Structure formats: structure tokens, C-alpha cells
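Peer 1: Mind having a look at this structure? Questions to follow.
The values are calculated or read from the model by the stated rules, or taken from the named source; none is laboratory data. These numbers come from a predicted model, not from an experiment. Quick reminder, even Gly has a Cβ in these numbers, built from the backbone with ideal geometry, and neighbours come from all protein chains shown.
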């Protein structure tokens, strides 16, 4: 009988880290080669001062607020069974998993494993990750129409791009519409599985693992389904304050996540950006996020830099600085999680998987 694959072994594969770094650096090198003269002239016009340092500092604060919001939310959803250290490590490893897996796949399966290793029952861990996804998508579904009121539909899609999906050629606008509809479907499915028909979700899970291909894990599927039903009943009794706090933490995280770009642009551009421009930058990031969701590369590496140039270069002057801004953005919001994950993962394994202190390799005296 084959052993069940361990998600942690996938995280430990060094190629998982080098692939997205290699893709990102290759895209940057291509940009440098393509627009070398424009970038050289832009850097000659730009001078680093307190203005740049100050706005980059604010951008770093936004990065920290993003992670703090995630930590607050994971503690709320687990009834504070995770202390602050555990919450920090879970979020860092969750982001690490998302950074080394294709965006279209995501790191949810690894996230369930990570939360479960913190002594949260598997069914509850599954529910926590599903509710996290629900709150994230709910933020998106609510924020899109609100921002459209401010920026309008016609200014939202500056990028001419094409992709083929199920035999249809789709542009940026069509990709966004398909993504938004899919997110609505996902929210509905999670809501039905956790809050309306958890027994049905359990039965579907058991039926799926009753097939010959997956029958070896049927017992675990039954236990997970039972835990999911119990967790669902518990969540239905939560007061409105619980959900308000969880969504407030979600709002804090995602708002900070998107405003990072606004402040980085303020640090480098030499033109004035109006309040309306800031809302448009925010709205275009929502469109970019849907495009990154279907990226086949780990963490959207390469795709993110290309999308950034297409959607946001009009707010950066001189235009040659667009690559610099994109690289700074990725170094603030993507690459740190590769580093943090690689640092935290070995000690986290020792603490949660092996359950003992780090082994000393010194010879006994």
C-alpha cells in the first residue's frame, strides 16, 4: 500500500523556492533588455530623498498590517487556540506555500495541514481554511461594485491581453468577468457546505473517498466529515460580533495589501496623484488579482510583473521607472515570504511534527 503524500515534503523541495525566483528574475532581465535606454534615462531623472524613504516606510507598514490582520483573523477563527507565535508561523508558512505553488492551484491543501499540525482537529482546520477563503472572496465581491461607483467601468481595463479558456479567446475584461462569476460560485459553495448543508458535504466527501482510487483514505474522510459537521454546528452559534471581528480583520489585511502599491508609486513617481487616481489604482489591482488567480506560475511569478506594467504604468512618471516600482513591489510583498518560510519551516517541523527540541549534532563530552 502506497503511503499518503506529506505536504511538508513538497514544501521542503528546494526546487519549489528556486523556480519562482528564477521566473521572476528572468522577467526582470527581459524588461531590462527591452527598455534599457528608457530605464537608464528615468533613473537619471530620479533622485532618492526623504520623500521616497518616507513613502516606502509607509508601504512597509502596510505589509506588516496585512500580516497582522491575517494573524488576528486566524486567532479569531480558531477561538484563540493559537497564540501569537503560532499564528505568525501559520500565516508565514501559508504564504510560503502559496508563493511556491501555481496561483491557479493555491496553497489551501497545505494550509489545512499546517493548521491541523497546530493541534486543531482536521475538520475544524478544513472549516477554518474554507471560511478564510469565504471571507477573502466576500471582501472582493463587495469591494468591486463599490470601487466601480468611483472609477467607472470604462477606465478599468487598460491592458490588451488575450488568453484561451475552454476554446474561447478572452481579453482582460472577459477574464475579469469570468473570474468574478467564479468567485460568486465559490462563495455560494462554501456557504452551502458549512452553513446550510454540512451533512450533505460530509456525505459527498465520504462518497468521493469510497471509490477504489481513494478508498484507502475513507476512514480519514469520515472523521474529517464528522468534524466538519460538528464545527458547522458550532459556527452557527457564534454571535454576530465574532463574524464582524473576522471580517474587519479581513478588510484590514486586504486593504493594506492593495495600498502597498499606492504608497510605492507615491515614493517613485514625480507627478501628482489625485484621490481619484488612488481609487483607480486600487480598482485595477482587483482586476490584476483575478488575472493572477489563473496564473500557471508559482505565486504568479513573471505574470505579476507583466500585469503590473500593463495596468499601472500610466501612474508612474517617468514611465521608465515602472520596472523599478514593480520590482520593489514584489520584493516587499512576495519574495520575503519565500525567505521567511525557508527560515521558519525547519523549526516549525521540529516543534509540531517531531515534537522535540532541535537535535544537537555535537559529540557528547
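Peer 1: Only residues that are more than 20 Å from residue 96 (Cα to Cα) and either out of contact with any helix residue (DSSP H, G or I) (no Cβ under 6 Å at 6 or more places or on another chain) or at pLDDT 85 or above (or both): list them for region 334-360, please.
Peer 2: 354, 355, 356, 357, 359, 360
Peer 1: Determine whether residue 72 is modelled with pLDDT of 90 or more and surrounded by fewer than 16 Cβ atoms within 10 Å (Cβ to Cβ).
Peer 2: No: the conditions fail for residue 72.
Peer 1: Still on this structure, I have one more. Only one of (1) surrounded by fewer than 17 Cβ atoms within 10 Å (Cβ to Cβ); (2) under 28 Å from residue 312 (Cα atoms); (3) under 22 Å from the mean Cα position of the chain (by Cα); (4) modelled with pLDDT under 80 fails for residue 161. Which number is that?
Peer 2: (3)
Peer 1: Now for a separate question. Is at least one residue of region 183-197 surrounded by fewer than 18 Cβ atoms within 10 Å (Cβ to Cβ), farther than 22 Å from residue 253 by Cα and at pLDDT 85 or above?
Peer 2: Yes: one or more hits.
Peer 1: Could you go through region 261-270 and let me know if any residue there is surrounded by 12 or more Cβ atoms within 10 Å (Cβ to Cβ), touching a strand residue (DSSP E or B) at 6+ places or on another chain (Cβ under 8 Å), under 30 Å from residue 323 (Cβ atoms) and at pLDDT 80 or above.
Peer 2: no
Peer 1: Could you count how many residues in region 214-240 are outside any helix (DSSP H, G or I), surrounded by 11 or more Cβ atoms within 10 Å (Cβ to Cβ) and over 27 Å from the mean Cα position of the chain (by Cα)?
Peer 2: Of region 214-240, the ones outside any helix (DSSP H, G or I) are 214, 237-239.
Now narrow it down to the ones that are surrounded by 11 or more Cβ atoms within 10 Å (Cβ to Cβ): 214, 238.
From the residues that got through so far, the ones that are over 27 Å from the mean Cα position of the chain (by Cα) too are 214.
Total meeting the criteria: 1.
Peer 1: Regarding residue 176, is this residue assigned to a helix (DSSP H, G or I), at pLDDT 80 or above and either surrounded by fewer than 21 Cβ atoms within 10 Å (Cβ to Cβ) or over 13 Å from the mean Cα position of the chain (by Cα) (or both)?
Peer 2: It is true that residue 176 is assigned to a helix (DSSP H, G or I), at pLDDT 80 or above and either surrounded by fewer than 21 Cβ atoms within 10 Å (Cβ to Cβ) or over 13 Å from the mean Cα position of the chain (by Cα) (or both).
Peer 1: Within region 96-137, take every residue that is at pLDDT below 80 and assigned to a loop (DSSP other than H, G, I, E, B) and give me the one that is surrounded by the most Cβ atoms within 10 Å (Cβ to Cβ).
Peer 2: 100
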